[in-house]
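Remarks on the structure that follows.
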Amino acid sequence: MVKRTHRKKPSDQINIAKERIDNLFLQAEEIYGDDPALSDRYVELARTIAMKFKVRLTPHKKKFCKHCYKYLRQGVNCRVRTLNGKVVYSCFSCKKFMRFPYK
């Protein structure tokens, strides 16, 4: 079998993708009060861009559910608790948990 190799995208395109992802999450935060479905769509678009350009979503990974990909607003559609050295996010739409360690 032939091993496929992927070419790395140019750095200017990666920078544009990161800016676009940041902008989409900012817009999702602003519009959530008016139209939560549109903010979920912005998260979906940001994830698509990140996958296409192989960009990590590390600064934004706590802003959406990793199971149903809905935009999360603390106290509105998710619960945040601390438990045994972890921050636990509970999504109200899919009833799943996400755990992130903290120092």
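Tabulated results
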item	result
Calculated [θ] (222 nm, deg cm²/dmol) that DSSP helices of n ≥ 4 give over the chain, each run adding -39,500 (n - 2.57)	-13000 deg cm²/dmol
Degrees separating the helix 11-31 axis from the principal Cα axis of the chain, which is the longest one	20 degrees
Rounded to the nearest 20 debye, dipole of the chain from Cβ charges on Lys, Arg, Asp, Glu	900 debye
Candidates 70, 86, 18: whichever shows maximal mean-square fluctuation once the chain is modelled as a Gaussian network with Cα springs under 10 Å	86
GNM result for the chain, Cα springs below 10 Å: residue of 68, 78, 91 fluctuating most strongly	68
Directionally averaged projected area (convex hull, Cα atoms, the chain), nm²	9.1 nm²
Under 22 Å from residue 86, Cα to Cα: lysines that are on another chain or at least 8 residues apart	61, 62, 63, 66, 70, 95, 96, 103
Hydrodynamic radius (Kirkwood) for region 1-60, which is based on Cα pairs only, to one decimal in Å	12.6 Å
Helix 36-53 vs. the chain, principal-axis angle (Cα, 0 to 90°, nearest 10)	30 degrees
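We did not get these values from a lab; they are worked out from the coordinates using the rules stated. Just so it is clear, the structure is predicted and the values come from calculations on it, not from any experiment. Because the Cβ atoms are built from the backbone with ideal geometry, glycine has one as well, and the counts that use them run over all protein chains shown.
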